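Undergrad: Quick one: this structure, given as C-alpha cells, is what I'll be asking you about.
The values are calculated or read from the model by the stated rules, or taken from the named source; none is laboratory data. Source: prediction; values computed, not measured. Cβ: placed from backbone, ideal geometry, glycine included. Neighbour counts: every protein chain shown. Calculation scope for accessible area: heavy atoms of the full protein, side chains included, ligands and nucleic acids excluded. Shrake-Rupley method; radii C 1.70, N 1.55, O 1.52, S 1.80 Å.
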Amino acid sequence: EAVRRVLLLGEGNFSFAASLCGAAGTHVVATCYESEEEVSGRGRAAESIRRLRERGAEVVFSVDCTKLKDYFLPEKREFDCIYFNFPHCGRKAGVVKNRELLARFFHSSAEVLTEEGEVHVALCNGQGGTPADQPRREWHNSWQIVAVAAGAGFILSNVHAFKAETIHGYKCTGYRSQDKPFCVEGALNHIFTRSMPLPYFKPMICEIELESRKVSFQVPQVLVDKIDRGFLELNSNHPVRTVKEKLTAELSQAFPLQNIDYCLSLLHQGHLNGVCHSNIFWIILNPEETPSTEEMSNGLANAVLFSHVDFCRGTDKNGWVNVQEGCHISKQYYLRPSLLPYAQAIIQRGAFLPGTLHVLSGPVFRKCLITPYSMPVFHEMVFVCAVNRGTENSCIQMLVNNIKTSIRSLHQTVSGFKLNINLQEEASFETTELNDFVAFESQLSRIQYFICMEVDASGSCEKGTCVGIIRTAHYELVSSELVVVFASLNLDLLAMLICGIPDWRMLWTSDTRFLRQFPRGKLRLFKSFSLYPPSYVHDISFWVPDGEQFDEVAFHTIARRVSGEMVVSIQLIDCFQQSETGRKSLCYRLTFQSCDKALSRQEVAEMQLLFRKEINQCLRVTLR
C-alpha cells in the first residue's frame, strides 16, 4: 500500500505535526521558517521535534513556503497533502501583503503536489473572505483566498471549522511563535484541490451523411466540447441519460411505447416558420471538399477555436431569414434547434401506430441569451401520440400524470426536499416566467400547456421552472378522426432540478469528480467540488452602428465563445442617445465566473480584451 506523504509548513512549536505523526501509512515532513537554533529554545518545541524524529518523520528548518521545490529532490517532491496553518507575513502586515504571500505559496505548492493532492490552509475567522466566514468581512478587506488560489490553478473543494481542541497536544502559537497566539475561535480550514485547466479549443470538423452523401462542416466554437459527448449512449452513466431511461421505463407501464432515436440528422435544411434567425446556428456545407481521415480524427478528438463565419443571408425588418440569391451554396442548413420537425415528419409519413407513445430524444442547439437556465445545447425528449378526436384531453392528462409521477419518484430517491410539479395552461402562464426553452418553443407553434417544476429546500415553493411543454396538432391523416399530442421535456433541466445541480454548465464538465457521483443508473444529490468560485465584473460600452438594430443574441453568443462559457451574466446598465446626431450608446456589465475550474483575474482580463476586439469586428460597434 502506497505511503501518503504529508508536508507541514510554518510550524511554530511542531505540536500540530506531532499530533499527525504516527498515523498508519503516513510519512510526515514537518517544516518551519526559522532555523533550528531559533526554534529549539521554545517551550515544548524541542520535545515535539524529538517525538517526530523518533517516529520516523522528517523535520526541516529554514523553509520558505514560496520556494518549496528548492528543498526537496525531484523524486521526493510529490506530496499528497500540504498543511499551512495560520499563514501570516508578520507584525502589522496588511491584507495585500498576506494575499501576496498566499499567491506565491499556492504557486509553489503546485510544483510539489500530486495530481490528486490537497492543500489545507487554516485561517482566522473572517480572513478568507468566503460565505463560510461568520461574520463575513467586506471582500476588499479579506485575504480573498479563493481568488488568490485560482491564480495557481486551485479550487476550494471543502471548508470546515478548525477545531483546535480536538487535535491532541496541539497548542497554537502566534507569528513566528511569538507569545501572543492567533485567535482560533471560529477559524476555518480551507481544502483546495487542483482544477482542470481552462480549455483551449482547436478547429473541429464534423462529417455526417446527409441526403445519401457525405458532407462536412465546421462546428460553431461554443459547441465544440458539446457536439459529440454521447450523454444518451448505452455506455453512459450521465444523469441526463439516467433521467431519460427512468422516465421511459415508467411511461412504458402506462403506454405502448416505441423509441425512434435512430437516424436523426444533426442538421435541418431550409426555414423554420416563425423562428428568428439569430436563435439558429447556421452552417455552411462544402460537400466537394471533405477532410482527410487524419484531419477528421484530429478534429473530432480535439475541441475548437476558429474564426467567425458570416453567411450569405439577409433579414427583413422583423429579423426573419431571407436566403439571398448568388450565394456559393445551394441550400441553407442549421444545427437542429428542436426535435419537433422529426416528430411531425413521422406523423406526416404515416410512420406511426395510433395509441402508441413514440419517443425521440437527442441534443438540440439554440443561440440564446446568457441567463441561469439558458443553454445553447440541451437534450430534448419528445413524446408523440395520435389519438381519436375528442380523447386528446384525457390523453394529455394521462401523459402528464405519468410524467409527474415519474419525476416525483426520481426526486424521492435523491432528496427529501419539497417538490412541486404543475401543469399550467397557456392563458395562465405569465410572460415573466419565460425561459429560453419556452420562448423558442413558442416560436415553433402554439403551446397548450406548460409543465413547471420547483424544488425548494426551505419547503416554500414559488413559481417553478418550465421543464416541458405540451401541444396538439390536427393533420390530414389517413383517418381524419385522429389528433396528435406532442410533449417535449428538457432533460438537462430535469436532471439539474432532481439532483440539485445549480449550474447547467456542470452537466458538461470534463472533471471526473462530476460523473463519479453518479453510478450507472443511479441519481444522487450533487455535491459541488468547487465552492464559492470567485466572480469578476467588467463593463463595456460602445456606439451602435447607425440605422442598425443591435443583435443582443449575437452579442451574448460572442461572449460565450471568447470566454468558453465563463460569462454568467450580462446586464444592460446604461443606454444613451445623442440628441444632435441620434447615435446610440450602450453600456453592459459582464460577470465572469466558473462553476468547475479555477478562473483567475488575469485570465478574465484577457477574455475581456478579446471580447472587445470580437464585437468590434463581428458586430461593427465602435468601442468607447
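Undergrad: What does the C-alpha gyration tensor say about the overall shape of region 1-145? Classify as rounded when a/c is under 1.5, otherwise prolate if a/b is larger than b/c, or oblate.
TA: Prolate, since a/c reaches 1.5 and a/b exceeds b/c.
Undergrad: Let me ask another. Carbon and sulfur atoms: what percent of the 1.4 Å accessible area of region 470-624 do they account for?
TA: C and S atoms contribute 48 percent here.
Undergrad: A further question on this structure: Given R₀ = 25 Å, what would the calculated FRET efficiency be for H27 paired with C89, taking r from the Cβ atoms and rounding to 0.05? List each step's numbers first, then the result.
TA: Details: r = 30 Å, r/R0 = 1.19.
My answer for the efficiency is 0.25.
Undergrad: What ratio of Cα Rg to 2.2 N^0.38 Å holds for region 512-624?
TA: Values: Rg = 18.2 Å, N = 113, 2.2 N^0.38 = 13.3 Å.
Rounded to two decimals, the normalised Rg is 1.37.
Undergrad: List the pairs from K69/K527; K163/K527; K244/K418; K214/K244 whose alpha-carbon separation is above 25 Å, in the order I gave them.
TA: Numbers: K69/K527 33 Å; K163/K527 23 Å; K244/K418 22 Å; K214/K244 30 Å.
From K69/K527; K163/K527; K244/K418; K214/K244, over 25 Å: K69/K527; K214/K244.
Undergrad: Going by average Cβ density within 10 Å per residue, which order do the peptides 332-340, 9-17 take, highest to lowest?
TA: 9-17, 332-340
Undergrad: According to a simple spin-label model (label point 7 Å from Cα along Cα-to-Cβ), what is the distance in nm between L572 and T591?
TA: Result: 1.9 nm between the two label points.
Undergrad: Let me ask something additional. Regarding region 1-86, what's the average projected area of the Cα-atom convex hull, expressed in nm²?
TA: 5.6 nm²
Undergrad: Measuring with a 1.4 Å probe in the full set of protein chains, what accessible area per residue, in whole Å², belongs to region 493-624? Can you show the working numbers first?
TA: Details: 6120 Å² over 132 residues.
Per residue, region 493-624 has an accessible area of 46 Å².
Undergrad: So how much slack lies between R513 and Q269, counting 0.36 nm per residue of separation and subtracting their Cα-Cα distance, in nm?
TA: 83.9 nm
Undergrad: Can you work out the FRET efficiency for the pair M196 and E481, with r the C-beta to C-beta distance and R0 = 45 Å, to the nearest 0.05?
TA: After rounding, the FRET efficiency stands at 0.20.
Undergrad: Just from the alpha-carbon atoms, what are the Rg and Dmax of region 337-401 in angstroms?
TA: In Å, with Rg to one decimal and Dmax whole: 14.6, 42.
Undergrad: Please compute the length gained on full extension between E100 and R601, using 0.36 nm multiplied by the number of residues separating them and subtracting their Cα-Cα distance.
TA: 179.0 nm
Undergrad: Okay, next question. Express in nm, to one decimal, how much length is gained between R624 and V537 on full extension, taking 0.36 nm for each residue of separation and deducting their alpha carbon distance. Let's see the in-between values first.
TA: On the way: separation 87, 0.36 × 87 = 31.32 nm, distance 1.75 nm.
Stretched fully, the R624-V537 segment lengthens by 29.6 nm.
Undergrad: Follow-up question, since we're still on this one. May I ask for the distance between the Cα centers of region 1-51 and region 193-252, given as a whole number of Å?
TA: If we compute the Cα centre of each part, the gap is 50 Å.
Undergrad: How much of the accessible area of region 1-112, in percent, comes from carbon and sulfur atoms when a 1.4 Å probe is used?
TA: Ligands and nucleic acids excluded, carbon and sulfur reach 47 percent.
Undergrad: Something else now. Ordering K163, K584 by how much accessible area each has at a 1.4 Å probe, largest first, what is the list?
TA: Highest to lowest solvent-accessible surface, that is K163, K584.
Undergrad: If you count only protein heavy atoms with a 1.4 Å probe, what accessible area per residue comes out for region 182-241, rounded to a whole Å²?
TA: 47 Å²
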